[in-house]
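Below you'll find the structure, written out as structure tokens, and then a few comments.
The values are calculated or read from the model by the stated rules, or taken from the named source; none is laboratory data. As the structure is a computational prediction, the values presented were derived from the model and not from experiment. Don't worry about glycine lacking a Cβ; one is built from the backbone with ideal geometry, like all the others, and counts go over all protein chains shown. Remember, those area values only see protein heavy atoms, side chains included, never the ligands or the DNA or RNA. Shrake-Rupley method; radii C 1.70, N 1.55, O 1.52, S 1.80 Å.
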Amino acid sequence: MKIGKKISVLYSGITIGLVVITAIIFYICASRYTEDIYYSYLEEKAHALAEEKFSEDELDPVRYHNVVLRRQNSIPTSKELFINIADRDAAVKQLSCYLDSDEIERLFANQVINFKEGQEVGTAFVYYDNTGTFAVLVLSRNPFIDDINRTLLIGLLILVGLAAFVLYLISRLYASRVIDRIDKDYQAEKMFVNNASHEINNPLTAIQGECEVALMMNCQPEEYKTILRRIQQETGRIIVIMKELLQFSHARNGRIDTDNLQWILLSEILERECTDNVQLQIARDFQIKADSELLHIAIHNLVSNAVKYSDGNPVVITIRQPELIIQDRGIGIPDADINRIFQPFYRASNIGSISGRGIGLALAKSIFERMGARITVSSQVDAGTTFKVIFSYTG
């Protein structure tokens with residue numbers, strides 16, 4: 001599994017887990033809140049029942065009628081009990097059918113008791129009347145809490161499902177892409193450093209070898225000159241490699257000075273590349289806004305690459321707005337290599353003894369992309385290769 005996908009799955013899992021935990025906490029709190037509300041309504045119903053039963057002779061008709069209306073408009077109940085607690089033992093015996101001993105003691109201490117009895121909920125309190133003291137118990141089937149909790153649970157499950165789906169999409173579409181791109185860039189940089197070290201190490205090793213030979217032997221002046229010429233050649237190789245690496249690094253990192261951008265007629269740049277073996281065809285010339293030096297480097301790398309592998313056949317350059325086409329009839333590029341030729345230091349498998357460092361195409365591609373252009377390649381072994389640069393902004 002790619003590291004981007006791993007991090008995406010981990011990120012999604014942690015985030016979805018937090019959403020689920022939040023939903024569970026919210027559900028528990030909401031369930032308790034709705035239960036508390038229902039108990040308060042049930043207690044209000046119990047007080048209305050007690051008033052209606054014991055205060056009929058104490059209230060005027062209007063107030064009593066209001067008590068009856070309040071009882072009728074409150075929540076439905078399944079059982080209503082009024083237990084005279086003058087006889088404590090008899091009362092405890094009746095109450096023990098619904099309350100435990102601790103709840104009974106708290107009830108006698110004038111506390112309101114909320115309890116559950118099977119699938120029903122109830123409330124109990126002590127009511128004082130001029131005819132005596134009574135324990136009032138009211139029980140309700142309570143379908144409302146179950147309905148509310150069920151609806152709440154379904155809603156939360158839908159929300160969690162949608163949140164999980166959205167988070168997964170976000171992580172796949174954005175996080176995964178970003179991480180994969182970072183990982184790809186890291187692997188490219190790692191390969192770049194390894195290959196650059198190898199390319200520079202070869203001439204340095206040759207220079208070191210020549211120096212050791214010169215120090216170990218008593219050579220004639222001409223022999224020393226030969227050794228120095230070899231050292232000079234290898235030093236020149238290092239300078240060229242370092243220059244190409246520096247150009248490639250600047251192009252990849254987007255270090256293009258916008259102050260140097262100017263409108264350039266493409267044919268003027270390409271005329272510099274024309275030789276007996278390079279033909280220029282202008283179908284429709286056009287201008288592009290670019291850094292002339294970088295543009296020349298990119299075009300020169302493409303043309304020189306085509307000439308190098310053309311096997312002596314002519315290279316044809318065609319300008320047709322908004323495209324630049326460079327075509328050769330050389331050795332071509334194998335299918336297995338064509339997707340990798342723009343990687344730094346990569347060289348196709350059929351180049352044989354043709355010299356090169358594998359930086360030119362990578363550098364050209366980086367420069368063109370920084371200019372907003374797109375480069376494509378098509379090739380057939382022993383038939384030739386065609387590079388096409390498509391510019392986005394032309395004049």
- Single residue of LYS308, LYS289 found to be in contact with a Leu (Cβ under 8 Å, 6 or more places away or on another chain) and among the charged types (D, E, K, R): LYS289
- Query: Which pairs do you get when a residue that is in contact (Cβ under 8 Å) with a residue 24 or more places away in the chain, found in the stretch 207-223, comes within reach of a residue that is surrounded by 13 or more Cβ atoms within 10 Å (Cβ to Cβ), reach meaning Cβ atoms under 7 angstrom, with the pair 6+ apart or on two chains?
  - Reply: ILE207/ILE231; ILE207/GLU234; ILE207/THR235; GLU210/ILE227; GLU210/ARG230; GLU210/ILE231
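Each row is one residue, and each column tells you yes or no for (1) farther than 29 Å from ILE200 by Cα; (2) assigned to a loop (DSSP other than H, G, I, E, B); (3) of a type in the set (Ser, Thr, Tyr).
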| position | (1), (2), (3) |
| --- | --- |
| VAL307 | no, no, no |
| LEU324 | yes, no, no |
| ALA336 | no, no, no |
| ARG340 | no, yes, no |
| PRO344 | no, yes, no |
| ILE367 | no, no, no |
- Among the residues of the stretch 310-335, write down those that are at pLDDT 90 or above and open to solvent by 30 Å² or more (accessible area, probe 1.4 Å). ASN313, PRO314, ARG320, GLN321, PRO322, GLU323, GLN327, ARG329, ILE331, ASP335
- Message: For the stretch 69-84, which positions are buried (at least 16 other Cβ atoms within 10 Å of the Cβ) and of a type in the set (S, T, N, Q)?
- Response: SER74, THR77
- Check the stretch 285-299 and report whether any residue there is buried (at least 21 other Cβ atoms within 10 Å of the Cβ), touching a Gly at 6+ places or on another chain (Cβ under 8 Å) and in a strand (DSSP E or B). yes
- Go through the residues of the stretch 344-363 one by one and say whether even a single one is under 16 Å from SER267 (Cα atoms) and open to solvent by less than 30 Å² (accessible area, probe 1.4 Å). no
